[in-house]
Structures are given as structure tokens and as C-alpha cells.
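Please read the structure below before turning to the comments.
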Amino acid sequence: MLMVRNTQDLLKEGSRHFTGLEEAMLRNTKAVKELSEIVRTSLGPFGMKKIIINSTGKLFVTADAATILGELEVLHPAAKMTIFAAEMQEKEIGDATNLVIVFTGELMNCAEELLLIGVHPSDIISGFEKAFEKFESEISTMTLFESKDLKNEEEISKCLKTVIGSKISEYESEIADLVAKACISVLPKTPKYFNVDNVRAVKILGGSVGDSKLIPGIVLLKSAEGSIQSVEKAKVAVFGSGLAPGKTEGTSKLALKDAEQLKNYAKSEEDSMESIVKAIADAGVKCVVSGGKIGEMAMHFLEKYEIMAVYVQSKFELRRICRATGARPLVRQGAPTPEELGHCDKVYQDEIGSHKVILFQTEGSGISSLIIRAGTSNILDDVERAVNDGVNIFKAMTRDAKFVGGGGATEIELAKRIHDFGEAQPGEEQYSIKKFAEALEIVPKTLGSNSGIGVIDLISELYTKHSNKDGMFFGVNVNSKEKTIDVKKAGIFDHYEAKLNAIKLATNTAITILRIDQIIMSKPASGPMPAQGPPPGMAPPPDF
């Protein structure tokens with residue numbers, strides 16, 4: 001008689017093994033659904049915020065899904081796969097991260113219902129694949145608006161208003177205008193080479209969001225090193241290694257016999273540094289930017305020759321200054337050549353909200369800075385994320401400038417079409433195709449729920465509107481008592497590529513998870529356990 005061995009006999013002691021519908025598949029669906037529930041209530045302009053306290057004790061108050069997911073320490077492998085898909089959406093498009101998580105969770109919820117009634121996973125996967133193919137073919141015919149001119153500020157602002165309004169619903173028009181101007185001002189002749197790093201948000205606490213403004217050039221949150229705080233039509237020299245007397249590589253001793261020798265030694269160092277600064281001044285330099293420390297002696301002679309000095313620790317900021325001014329960073333001390341010099345219309349120190357800043361202001365520099373103002377740091381962070389989303393959508397527009405209806409209008413219309421497509425399909429695949437259509441309803445449902453609108457009546461009214469040809473662009477109205485609104489007339493747009501890519505990633509993730517029938521976890525490696533709680537000296541997080 002043969003002995004039937006357990007799988008545990010094959011694995012190292014302490015390993016864990018889950019298999020079958022109950023232990024593997026339903027566990028996976030439950031984990032993804034729970035992750036989806038975390039961010040679902042943050043979808044839309046009236047989404048709720050979350051308090052996230054990470055492992056270092058830093059506190060975040062945000063409704064941004066990318067920030068929430070980045071700070072959560074998720075362990076379940078299926079939930080991790082969903083987060084990886086959301087991170088890919090963030091890298092490729094920079095928006096609709098929440099949609100990836102929410103739609104994946106709803107697909108897994110629908111798949112769970114089918115699994116419990118006996119539908120085989122292969123049929124569910126096949127149905128989801130066919131449903132997405134139908135989704136892809138139908139959404140390409142639903143273009144609501146396409147930007148023809150990437151330098152039209154009014155048109156670009158209209159396109160960015162929806163994505164910015166999903167983060168800040170009160171100032172979306174003002175911020176959309178600023179982001180549109182900033183992006184257009186740095187747009188290269190070949191739009192596909194647009195660089196999102198050329199538009200930077202600078203946060204300054206105080207004032208209101210309406211006080212935000214655009215500066216053509218670079219803004220540094222620091223003060224000038226010396227008394228010279230403003231130069232115009234300036235030649236700029238950038239020194240990556242700083243300005244200070246050089247040090248010998250080895251250790252040396254110097255024997256001085258009398259005070260006269262000491263005086264002469266100090267004089268030689270002064271003469272050497274003065275010759276360096278004088279050569280810089282003779283080259284026409286009015287502003288020196290240093291990536292290293294500026295010595296006291298060097299500072300004295302910079303003042304003498306009326307050269308403005310700026311110390312920048314960040315190598316990233318140093319590169320941005322080089323791009324904005326056309327300068328080349330120097331690794332030597334001495335006069336720069338004409339090819340190594342940069343140019344700036346005006347470099348000056350200013351004060352904004354009790355914060356001293358240095359502005360490198362040049363028209364056509366290829367870099368713009370948005371000075372963001374707000375009364376609290378949390379609002380500043382929200383506005384910064386809104387600006388980043390707007391800039392990323394503009395980047396996506398350089399590849400494909402098509403837009404579809406927002407506010408859930410596109411999802412409801414496609415849900416109706418895919419449901420009709422599923423009715424005509426034979427076999428068990430039709431059930432998963434119709435469930436895919438049902439999952440698309442999660443977008444208008446969530447928008448309505450987060451805005452305080454009754455979901456059942458809302459979905460019923462939307463389907464009634466979409467039953468007519470003229471009503472295919474009706475979506476959720478989150479700003480008034482009327483439940484629905486014509487998004488075409490209201491100018492509520494979603495970027496075509498962002499939505500398509502989000503649904504594609506969510507569908508692929510759900511299909512991958514449905515293909516998993518076993519989970520095998522090795523015994524954790526031995527060694528010191530990671531520290532629990534905040535670092536020493538930091539107050540523990542509140543007990544909720």
C-alpha cells in the first residue's frame with residue numbers, strides 16, 4: 001500500500017502552502033478587494049482623505065492613491081501585484097492610479113461571485129479578455145475632444161481642468177491655467193521630447209492657493225551668500241566643487257621661523273584666491289553658483305568685485321540651473337571660457353511669505369517654476385500632486401491628444417455596449433463578459449457615493465440617459481443637486497490613453513491573479529528582526 005504524502009513533506013520546515021478555491025483563489029480576491037476598499041473612497045473631487053503614518057513616523061494626510069500605496073507596507077502577494085500595476089500606471093501616465101486599484105478590486109469581486117457559482121477560472125479569464133478587446137475597440141470610437149494645438153493655452157487649460165480638479169476642487173481653473181502656461185512655455189519644437197522635470201512646483205507656506213504664480217526660470221528656497229542680492233543681464237558661472245583654497249592630498253608640515261614668514265604665507269594664499277576671483281570677474285561673470293562651500297576668503301573677494309554668490313547643495317538643482325542658463329559646471333577653480341558661461345536676464349533675491357528665495361528669471365529658458373501658496377502643508381502637498389498630474393497629462397498629450405468623456409460617462413456607455421455584446425456570446429464566457437460590464441459601473445457608483453448621491457437612483461438615471469443616442473455623454477454631476485450632467489457641454493474630459501492604459505493594467509492584473517491556484521511561502525530567513533515602531537526619541541503614533 002502506497003503512502004500519500006502531504007506537500008509539506010516536499011518543503012522546508014516552516015514553509016506555508018495554500019491551494020484550491022478556498023485557500024488560494026478566494027484569499028487572493030479578498031486581499032485585492034480589501035486594498036481596493038482603502039483607496040476607493042478617495043476617488044473623485046470629493047474623495048475622502050487618509051491619515052498614513054509610515055514606518056519612520058512621518059504623517060501623511062492625502063487622498064492621492066499613489067502616495068497612499070507608496071507608504072503602505074503590503075505583504076499579501078496578490079495585493080502587491082495590484083500595487084505594481086498601479087505603480088506602472090504612475091510611471092507611464094502619471095494619473096488614474098486610483099482607477100487601476102479600484103477596477104482591479106471590482107473585477108476580483110465579480111470573479112469571486114462567478115467562482116462561487118461554479119464557473120471555471122479559464123472561462124472567466126477568456127470572458128475578461130474578450131470583454132477588454134470589446135472595450136478597446138469601442139472606446140476608440142468615443143473620442144469627445146482632441147487637441148490640435150499644444151500651444152493654445154485656453155484649450156490646454158480646458159483639457160487639464162478635470163485631472164487637476166480631482167485633487168483640488170476649488171481652485172482647479174486657476175491652477176489649470178498656470179500649469180498650461182508653464183507647460184507651453186517649456187514645450188520644445190519637437191513636442192515628444194517634452195520633459196516633465198522642466199516644470200517644477202515650489203511650495204511656500206502662507207497665503208492662499210489663489211496667490212500661486214508662474215515664474216519663467218528657477219526658484220530656489222534660500223538666500224544669497226553675500227550682500228549683493230540682484231544682478232541683471234548676468235553672465236553665470238557654475239562651479240561644481242566650490243570656491244575655497246585647495247587642500248593638499250597628503251599630510252604636510254610647515255616650519256615658520258618668525259612672524260614675517262607667517263604674514264607672507266597668508267598673503268600668498270590671499271593673492272592666489274584674489275587672482276582666481278579677478279579672472280572670473282574679468283570674464284564678465286556677475287553671478288557665481290557653487291555646488292560646494294564658498295570659503296570666507298573667496299567670499300571677501302567676490303564682494304570686492306561685486307559678484308553675486310549662490311550656494312546650492314542639491315546636484316539636481318545645480319543641473320537645472322545649468323539647463324536654464326546654458327552654463328557648463330566647472331570642476332576647476334579659475335576663469336570660465338565663453339562656452340562654459342551661462343546667461344540669465346535677472347538673478348535676484350526676493351521674499352515671499354517671510355521666506356527668502358532666489359529667482360533665476362529668463363524668458364525662453366526652457367524651465368518654469370510654479371510658486372504654490374497655501375495655508376497648510378497638507379493643502380500644499382495636494383496642490384503639488386495636482387500640478388504633477390497636470391504636467392504628466394500634458395506629457396501624455398504630446399503622444400496622443402484625444403480625450404473621452406469624464407465623470408463616469410465613458411464607463412456607463414461602455415458597460416451598456418459590453419453587456420449587449422455579452423448577451424450575444426455562447427457558453428459560460430458570457431457571464432464573465434457581463435460581469436466585466438458590471439465592474440465598469442464602479443466608477444460612476446464611487447463618484448456618486450463619494451459626493452453623497454444615492455447610487456441606485458444615479459445608475460438607473462444614467463442608463464436611462466444613455467439609452468438615447470444623444471445621451472451617451474451624460475455622467476455624474478458632483479457639484480449640484482442634479483444627479484447627471486452632459487460632460488461634453490460641461491467640459492469634463494478624461495485622457496483617452498490614461499483611461500485605456502488603466503483598464504488594461506487592471507484587467508491584466510486580475511487575469512494574472514485568477515491564474516494562481518497555489519501559494520507557496522518559504523520560511524522567513526533567520527536574522528535580526530526589523531525594528532518595530534518609530535525611531536528612538538520620536539513620539540509613538542496615536543492609537544486609533
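The values are calculated or read from the model by the stated rules, or taken from the named source; none is laboratory data. Owing to the predicted nature of the structure, the values given are computational and were not obtained by experimental measurement. Neighbour counts are summed over all protein chains in view; Cβ atoms, including those assigned to glycine, are modelled from backbone coordinates with ideal geometry.
Summary table
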quantity: Scan of the range 130-145 for residues that are small (Gly, Ala, Ser) and either surrounded by 15 or more Cβ atoms within 10 Å (Cβ to Cβ) or assigned to a helix (DSSP H, G or I) (or both), ordered by number; calculated: Ala131, Ser137
quantity: Identity of the residue in the range 277-297, small (Gly, Ala, Ser) and modelled with pLDDT under 90, that ends up nearest to the chain's Cα centre (by Cα); calculated: Gly291
quantity: Failed criterion for Ile184 (all others in (1) farther than 23 Å from His355 by Cβ; (2) crowded, with 22+ Cβ neighbours inside 10 Å hold); calculated: (2)
quantity: Conditions (1) of a type outside the set (Ser, Thr, Tyr); (2) at pLDDT 90 or above; (3) farther than 22 Å from Ser368 by Cα: number failed by Val312; calculated: (3)
quantity: The range 146-160, residues that are more than 17 Å from the chain's Cα centre (by Cα), closer than 17 Å to Tyr496 by Cβ and either of a type outside the set (Val, Ile, Thr) or not in a helix (DSSP H, G or I) (or both); calculated: Glu146, Ser147, Lys148, Leu150, Glu155, Lys158, Cys159
quantity: Within the range 479-491, considering residues that are under 18 Å from Lys158 (Cα atoms), of a type outside the set (Asp, Glu) and not in a helix (DSSP H, G or I), the one modelled with the highest pLDDT; calculated: Ile485
quantity: Any hit, the range 106-122, residues being closer than 30 Å to Ser185 by Cβ and buried (at least 23 other Cβ atoms within 10 Å of the Cβ); calculated: no
quantity: Filter result for Tyr305 (hydroxyl-bearing (Ser, Thr, Tyr), in contact with an Asp or Glu (Cβ under 7 Å, 6 or more places away or on another chain) and at pLDDT 90 or above); calculated: no
quantity: Check on Leu458, surrounded by fewer than 24 Cβ atoms within 10 Å (Cβ to Cβ) and either free of Cβ contacts under 8 Å to residues at least 40 places away in the same chain or assigned to a helix (DSSP H, G or I) (or both); calculated: yes
quantity: Residue within the range 197-207 that is assigned to a loop (DSSP other than H, G, I, E, B), at negative phi and modelled with pLDDT of 90 or more present; calculated: no
quantity: Long-range neighbours under 7 Å by Cβ, at least six apart or interchain, first residue closer than 8 Å to Ala335 by Cα and of a type in the set (Gly, Ala, Ser) within the range 269-281, second modelled with pLDDT under 90 and outside any helix (DSSP H, G or I); calculated: Ala279/Gly334; Ala279/Ala335
quantity: Residue satisfying condition, being modelled with pLDDT of 80 or more and either surrounded by fewer than 15 Cβ atoms within 10 Å (Cβ to Cβ) or not aromatic (Phe, Trp, Tyr) (or both), within set Glu249, Glu232, Glu269, Glu260; calculated: Glu232
quantity: Among (1) assigned to a helix (DSSP H, G or I); (2) surrounded by fewer than 17 Cβ atoms within 10 Å (Cβ to Cβ); (3) under 38 Å from the mean Cα position of the chain (by Cα) - the single one His300 does not satisfy; calculated: (3)
quantity: From Leu440, Leu447, residue being farther than 18 Å from Asn109 by Cα and among the hydrophobic types (A, V, I, L, M, F, W, C); calculated: Leu447
quantity: Subset of the range 305-321 [in a helix (DSSP H, G or I) and touching a residue at least 12 places away in the same chain (Cβ under 8 Å)]; calculated: Lys315, Glu317, Leu318, Arg320, Ile321
quantity: Selected residue (criterion: farthest from the chain's Cα centre (by Cα)) from residues of the range 53-70 that are surrounded by 17 or more Cβ atoms within 10 Å (Cβ to Cβ) and of a type outside the set (S, T, N, Q); calculated: Phe60
quantity: Output for the range 328-379, where each listed residue is surrounded by 15 or more Cβ atoms within 10 Å (Cβ to Cβ), among the hydroxyl-bearing types (Ser, Thr, Tyr) and over 16 Å from Ala224 (Cα atoms); calculated: Thr362, Ser365, Ser368, Ser369
quantity: Residues of the range 13-50 satisfying the condition of being at pLDDT 85 or above and among the β-branched types (Val, Ile, Thr); calculated: Thr29, Val32, Ile38, Val39, Thr41
